[in-house]
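Here the structure comes first, spelled out in structure tokens, and everything after it is commentary.
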Amino acid sequence: MANKAPEPLSLHLAELTATQFLDIWNKFDADGNGCIEGKELEHFIRELEMARKSVDPSNASFKDRMKEFMLKFDENGDGKIEMSELAQMLPTEENFLLCFRQFVGSSAEFMTAWRKYDNDRSGYIESNELKGFLSDLLKKANRHYDDKKLNEYTQTILKMFDLNGDGKLGLSEMARLLPVQENFLLKFQNFKLSAEEFEVIFNFYDKDGNGYIDEHELDALLRDLYQKHKMVVDPQSLASSKKSIMALSDGGKLFRTELEIVLCKDPSV
């Protein structure tokens, strides 16, 4: 308890290791909900200013500076700092979080990579498959790494996302590393379906009962979901979401388990 001074000091560094980044994230995301917000956010900005020897955060203009800070770094304007947004502020020496962005320039590329490792279409990658997933990521981003670094990145990702220690990493959790505008899964977070609701919807759009839906049926399904939940049906956004989801399909056939991991609260697989 006596030696707390080094903690804010790491905030001024130009380069952080993956482990240092995770330590900072865990410190400020105190409630573990996946974002820095409210009092956590105030605490973070104050410490960042002090560590970087900015103006005194106790003066009357702190709220104004906080607004300016959020305009600069809060990509989606939700008043919260997400993990990928923090990675933009605190770059690491070999920022594997931002490597992720280079590797997956679009959510469709992310889903294609995910499909390779989520063999049973459960919506999870087992911890023993994660190392291969990250190795592919780094190769694609043309980043040099050794086995020690790969192990560090693997363990850091596990600590970030395997919160219940079951050795599984969820699709929606890992997708938080995507740029906010590319994370199509965020669109569905507010109306995740129950297993019963999903079954009714899937059966409705699987008109011939063959166990899968095609791209045109998915288009109709998404349009109806957007309209039901009063979301703007932007053609470009809809096309992007459709392409990303179809990346999970088998030759243009989107089976029940593949769509379920995107739309369901708790996939049954």
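The values are calculated or read from the model by the stated rules, or taken from the named source; none is laboratory data. All figures in this text were calculated on a predicted structure; none of them were measured in a lab. A quick note on method: Cβ atoms are made from the backbone with ideal geometry, for glycine too, and the neighbour counts reach across all protein chains shown. For accessibility, only protein heavy atoms count, side chains too; no ligands or nucleic acids. Shrake-Rupley method; radii C 1.70, N 1.55, O 1.52, S 1.80 Å.
Can we say residue 196 is more than 14 Å from the chain's Cα centre (by Cα), at pLDDT 85 or above and in a helix (DSSP H, G or I)? Please lay out each step first, then the result.
Numbers: more than 14 Å from the chain's Cα centre (by Cα): yes; at pLDDT 85 or above: yes; in a helix (DSSP H, G or I): yes.
It is true that residue 196 is more than 14 Å from the chain's Cα centre (by Cα), at pLDDT 85 or above and in a helix (DSSP H, G or I).
Counting only residues that are part of a loop (DSSP other than H, G, I, E, B), modelled with pLDDT under 75, of a type outside the set (A, V, I, L, M, F, W, C) and open to solvent by 20 Å² or more (accessible area, probe 1.4 Å), the range 1-54 holds 9 of them.
Residue 151: open to solvent by 80 Å² or more (accessible area, probe 1.4 Å) and either modelled with pLDDT under 75 or not small (Gly, Ala, Ser) (or both), yes or no? Spelling it out, it is not the case that residue 151 is open to solvent by 80 Å² or more (accessible area, probe 1.4 Å) and either modelled with pLDDT under 75 or not small (Gly, Ala, Ser) (or both). The set of residues from the range 224-258 being more than 20 Å from residue 204 (Cβ to Cβ), in contact (Cβ under 8 Å) with a residue 60 or more places away in the chain and of a type in the set (D, E, K, R) comprises just one member, 243.
Only one entry in 110, 161 is open to solvent by less than 30 Å² (accessible area, probe 1.4 Å), under 23 Å from residue 17 (Cα atoms) and within 17 Å of the chain's Cα centre (by Cα), namely 161.
Can you pull out the residues in the range 117-148 that are assigned to a helix (DSSP H, G or I), open to solvent by 80 Å² or more (accessible area, probe 1.4 Å) and either of a type in the set (S, T, N, Q) or free of Cβ contacts under 8 Å to residues at least 12 places away in the same chain (or both)? Don't jump to the end; show me each part of the working.
First pass over the range 117-148, keeping only residues assigned to a helix (DSSP H, G or I): 117, 127-140, 147-148.
The next check asks that each one be open to solvent by 80 Å² or more (accessible area, probe 1.4 Å); those that pass are 128, 139-140, 147-148.
128, 139, 147, 148 - these are the residues of the range 117-148 that are assigned to a helix (DSSP H, G or I), open to solvent by 80 Å² or more (accessible area, probe 1.4 Å) and either of a type in the set (S, T, N, Q) or free of Cβ contacts under 8 Å to residues at least 12 places away in the same chain (or both).
Screening residue 181 against (1) modelled with pLDDT under 70; (2) buried (at least 17 other Cβ atoms within 10 Å of the Cβ) leaves a single unmet condition, (2). The set of residues from the range 208-234 being part of a strand (DSSP E or B) and of a type outside the set (A, V, I, L, M, F, W, C) comprises just one member, 212.
Among the residues of the range 220-269, the one identified as open to solvent by less than 70 Å² (accessible area, probe 1.4 Å) and on the phi > 0 side of the Ramachandran plot is 252.
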